[in-house]
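What follows is a single structure, written as C-alpha cells, with notes after it.
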Amino acid sequence: MSDTGRSGRIRATGKRRKQPGKGRRTATALAWVAAGVVLVGGGGLGWVYFKLDGNLKGVDINAALGDNRPDEVDNGSLDILVLGSDSRHGDNAKYGADEGGARSDTAMILHVYEGHKKASIVSIPRDTLISRPQCVSDSDGKTNVPAAQRQMFNTAYEVGGPACAVKTVEQMSGIRMDHYIEVDFTGFKKLIDELGGVPITTNKAIKDTKSHLDLPPGTHQLNGEQSLGLVRTRKSVGDGSDLGRIQLQQAFMKALIGQVKDVGVFSNPKRLYDLADAATKAITTDSDLASVNSLVSFANGLKGIGAEDMKMVTLPVEYDPRDPNRVIPLERQSQQLWQALRADRAVPASVTEGSAGDKGDAGKIVKSG
C-alpha cells in the first residue's frame, strides 16, 4: 500500500493533518514499542530500506471496519491504539499456556495533541467489563462474532484480532483511531536488550513468581527479560490486580523514554540499525504505517515529546459490585475523559476522582534509575 493509504487518506505522512513544528530532538515512547518505532526515524537507514521494510507486518484496519466508525478529524491531533499481545505461541510459550487465544494484555490509547508537543496516554485495564460490538473474526475474515455484554476488554482482541480491538475502543470512546501498533512479549524483550537495558530504582523488593521477577530494593539496569517481568507483575504489588500492574507500566514507560533519549544511538549507525531491525520485526501496525517511509514520517512527528510532556492516566473505573475481580468504567468520569480527548483538550484532574485505578502505591515503587 502506498503512503496515501485508502481512499486518499494520508496518515503516516501527516499531509491531511497540520504539520508539527520542529520541536526538540527528544524521542518519545508509544507504550512498549515506542522506542523502536521512533528510532527507525533516524537518519542513515536508506541502504537497509528493503531489509527493514520486509520485516514489517501490517493489518488493514480500514478495510476490516468499513465506514461505520467515528468521524475523522483534521485538527493536527493523532490517536493511536497500542496493544501488548499476550500470545503464548512460539518463543512466548515459556510464559504459560494459551487460554483460548491471544489477548491484549496491555492496552493504551496515545492521544497526540495539535502541534505534537504534548500527549496523553490512557491505559485501559484488561479486566474492564465492556459491551463488545459485533466483529468479524480475524482468523478467517468472514465469521461474525456477535456483540456481547459484560465482556472483559481484552477478549475483543482474542475473538476478533486487531480490528475488533480497535472497533471496541472506538465504540467506548467515540474517537477514531488513526493508527494501531502491537508488540508481543519476545519483541519487547529484544527491543530492551538492543537499547542496553533500562535503569530503574525500586524502593522495596519486588518478587513475583508469575512474572519471574525478583528484584531487591535498589538501582537496577533491567534487561529485556527483567523489563518484561516488571510490566507483567501484578500479584506482588498493590492489591494484586491489573490496576497495580498498570501503575508499574506507566512508571516503567517514563524510565524507558529517558533511556531512549540518553542512549546515543543516532551517533552509532550499527546500533541504530540493530535497534531498527529488532523494532520492525517486533511490531504489527495498521497497513498505513507498515512501511519504513511511513514509520519514519510518523516518528519524526513525535520527537518533540518527552516524558515531562505526557500525561498518563488510567481509564476511571470501580470494582464491579457483581464480581470484585473485574472493574467497570465510572460513567461520568469516563465521559469527561473521552470528551476532553475528542476536543483535543487536556485531561481534567476530575477524571480520576473516585477511580480505583488512581489508588494504591504500585507506581511509587519504581522510579527512573
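Output the number of the condition that residue 135 fails; it satisfies all remaining conditions of (1) over 30 Å from residue 306 (Cβ atoms); (2) modelled with pLDDT under 85; (3) touching a strand residue (DSSP E or B) at 6+ places or on another chain (Cβ under 9 Å).
The one condition residue 135 does not meet is (2).
Any chance segment 307-317 includes a residue that's out of contact with any strand residue (DSSP E or B) (no Cβ under 6 Å at 6 or more places or on another chain), outside any helix (DSSP H, G or I) and open to solvent by 20 Å² or more (accessible area, probe 1.4 Å)?
The answer is no, given that none of the residues of segment 307-317 is out of contact with any strand residue (DSSP E or B) (no Cβ under 6 Å at 6 or more places or on another chain), outside any helix (DSSP H, G or I) and open to solvent by 20 Å² or more (accessible area, probe 1.4 Å).
Condition first: in contact (Cβ under 8 Å) with a residue 40 or more places away in the chain, of a type in the set (Phe, Trp, Tyr) and either over 30 Å from residue 240 (Cα atoms) or part of a loop (DSSP other than H, G, I, E, B) (or both). Can you find one or more residues in segment 266-282 that meet it?
Scanning segment 266-282, I find at least one residue that is in contact (Cβ under 8 Å) with a residue 40 or more places away in the chain, of a type in the set (Phe, Trp, Tyr) and either over 30 Å from residue 240 (Cα atoms) or part of a loop (DSSP other than H, G, I, E, B) (or both), so the answer is yes.
Filter segment 179-209 down to the residues that are under 14 Å from the mean Cα position of the chain (by Cα) and open to solvent by less than 10 Å² (accessible area, probe 1.4 Å), then identify the one that is nearest to residue 77 (Cα to Cα).
Filtering first and then ranking leaves 179.
Which residue is nearest to residue 204 (Cα to Cα), if the candidates are limited to segment 220-241 and must be open to solvent by less than 10 Å² (accessible area, probe 1.4 Å) and of a type outside the set (Gly, Ala, Ser)?
237
Hey, does segment 74-89 have a residue that's at pLDDT 90 or above, touching a Gly at 6+ places or on another chain (Cβ under 6 Å) and of a type in the set (Lys, Arg)?
Taking every residue of segment 74-89 in turn, none turns out to be at pLDDT 90 or above, touching a Gly at 6+ places or on another chain (Cβ under 6 Å) and of a type in the set (Lys, Arg).
Search segment 323-348 for residues that are β-branched (Val, Ile, Thr) and pair each with any residue that is part of a loop (DSSP other than H, G, I, E, B) and at pLDDT below 95 when their beta-carbon atoms are under 7 Å apart and the residues are at least 6 apart or on different chains.
Short answer, once both residue conditions are applied: 327/125; 327/127.
Tally up the residues in segment 164-182 that are among the β-branched types (Val, Ile, Thr) and part of a loop (DSSP other than H, G, I, E, B), please.
1
Residue-wise test of (1) touching a Pro at 6+ places or on another chain (Cβ under 9 Å); (2) under 19 Å from residue 107 (Cβ atoms); (3) modelled with pLDDT of 90 or more.
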residue	(1), (2), (3)
200	no, no, yes
204	yes, no, no
239	no, no, no
248	no, yes, no
276	no, no, no
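Restricting attention to segment 198-216, report how many residues are in a strand (DSSP E or B) and in contact (Cβ under 8 Å) with a residue 12 or more places away in the chain.
So the answer is 10.
The values are calculated or read from the model by the stated rules, or taken from the named source; none is laboratory data. In this text the structure is predicted, and so the values were computed from the model without any measurement. Cβ coordinates were reconstructed from backbone atoms using ideal geometry, including for glycine residues, and neighbour counts include every protein chain displayed. Ligands, DNA and RNA are stripped out before the accessible areas are found, and what is left, the full protein with its side chains, is counted by its heavy atoms. Shrake-Rupley method; radii C 1.70, N 1.55, O 1.52, S 1.80 Å.
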